[in-house]
Amino acid sequence: MKKSVLLLFTFLLTISGYSQAPQGISYQAVAFDLGGNTIANGNVGVKISIIDNSISGTVVYSETHAKTTNAQGLFNLNIGQGSAIAGAFSSINWGTNSKFLKVEIDPAGGTNYTNIGTNQLMSVPYALFAENVSTQQTINNVVVSENKNNNIEGGITVLYSNLEAKGYYVSPTGGSGSWSGTATFSSPIIGKTASNFTIVLYSDTEAKGYYVSPTGGSGSWNGTVNFSSPIKGAISSNYTNVIYSETEAKGYYVSPAGGSGTWNGSVTFSSPIKGAISSNYITVIYSDTEAKGYYVSPNGGSGSWNGTVNFSSPIKGAYTSGDIIIVYSDTEAKGYYVSPTGGSGTWNGTANFSSPIIGGISSGQK
């Protein structure tokens with residue numbers, strides 16, 4: 001009897017920080033025969049192809065797998081780690097054009113493949129494009145990138161249960177390590193982020209900051225902010241943390257020159273936030289056609305939102321290097337920076353291209 005495969009699970013990207021982006025996308029599916037029965041404990045042959053730009057576009061990579069289903073008909077594989085028959089997975093330019101996944105199956109375990117379908121890859125696999133950042137993850141379809149240049153320090157740790165968090169610190173100027181401060185939440189804690197001398201924990205619509213001053217003192221909880229819609233994620237840069245919901249972002253910072261950890265500044269977007277990227281002292285949050293920057297001056301001062309830019313076509317991604325962030329669409333790129341000697345974070349300059357941007361490189365890349 002001819003058999004077919006029904007794909008049940010979405011794509012899952014596994015990412016490890018502080019190394020080159022892993023060359024693989026975890027993939028699961030369940031095999032059924034035409035009668036609706038699972039192909040239990042059977043051998044299946046699988047051919048995977050990555051297609052550029054459209055369903056009928058150029059195949060940029062193709063590979064095969066020989067897999068065995070379990071008692072429920074489930075099989076697992078890592079796209080990018082099969083037997084390559086065309087192209088190289090590591091050479092795929094995820095930053096240009098849409099990418100489509102074509103799946104072909106031989107339910108008898110051989111190479112007589114039947115085309116099961118072709119579907120567009122959405123945001124998750126594009127973490128493979130972020131070779132210039134230390135980590136990239138997708139939270140609720142928002143691509144979040146953190147730059148390798150960020151240096152986490154400060155001698156604070158927070159442990160938390162479902163609704164309660166406690167901080168432990170040692171002063172940067174010396175003394176004993178001590179527990180200091182407890183924070184309680186009205187709904188379960190779901191996430192956290194850390195930067196120099198600061199940590200932020202958040203629940204569905206509430207975020208709280210813990211800090212120790214770079215010039216010494218006790219570790220303390222200081223400041224709570226609330227969101228009108230569920231928080232989607234968080235990102236940090238040196239001395240700052242940005243927490244964001246669907247269309248709102250708020251910043252928590254401690255000045256490099258010392259002082260208290262403080263929430264300062266809130267911005268809203270006219271369309272859903274779809275990306276976040278950070279570098280030294282600066283963070284950029286962007287929606288489809290709008291980008292906003294948050295910064296703290298390297299020589300001290302308040303963490304602040306400063307500057308908004310708009311794009312005439314959808315934003316595709318961003319690059320970082322030291323004290324700059326570049327955000328780009330298909331044919332337009334704009335830069336956000338803070339001077340290493342101090343000053344405000346600022347958008348300055350636009351570059352236009354006569355054909356689609358297909359890649360880039362920065363001194364921040366490894």
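Quick notes on this structure:
- Condition met for Gly265 (assigned to a strand (DSSP E or B), assigned by TED's automatic domain parsing to the domain that holds Gly209 and at positive phi): yes
- Ser297 satisfies every condition listed in (1) surrounded by 21 or more Cβ atoms within 10 Å (Cβ to Cβ); (2) within 25 Å of Asn264 (Cβ to Cβ); (3) under 22 Å from the mean Cα position of the chain (by Cα) except (3).
- Listing of strands (runs of 3 or more DSSP E) fully contained in the range 167-262 that carry 3 or more residues being among the hydroxyl-bearing types (Ser, Thr, Tyr) and assigned by TED's automatic domain parsing to the domain that holds Lys292: 178-184
- Ala257 falls short on exactly one of the conditions (1) of a type in the set (A, V, I, L, M); (2) over 25 Å from Ile361 (Cβ atoms); (3) buried (at least 19 other Cβ atoms within 10 Å of the Cβ), and that condition is (3).
- Residue under evaluation Asn352, criteria (1) more than 26 Å from Ile156 (Cβ to Cβ); (2) over 19 Å from the mean Cα position of the chain (by Cα); (3) crowded, with 16+ Cβ neighbours inside 10 Å; (4) not hydrophobic (A, V, I, L, M, F, W, C), criterion not met: (3)
- Gly261 vs. criteria within 22 Å of Gly335 (Cβ to Cβ) and either in contact with a Leu (Cβ under 9 Å, 6 or more places away or on another chain) or of a type outside the set (A, V, I, L, M) (or both): no
- Of all residues in the range 59-95, those satisfying the criterion of being part of a helix (DSSP H, G or I) and either in contact with an Asp or Glu (Cβ under 7 Å, 6 or more places away or on another chain) or touching a residue at least 60 places away in the same chain (Cβ under 8 Å) (or both) are Phe89, Ser90.
The values are calculated or read from the model by the stated rules, or taken from the named source; none is laboratory data. Note that the coordinates shown come from a computational prediction; the quantities given were computed from them, not determined experimentally. Please note: Cβ atoms are built from the backbone with ideal geometry, for glycine as well, and neighbour counts cover all protein chains shown.
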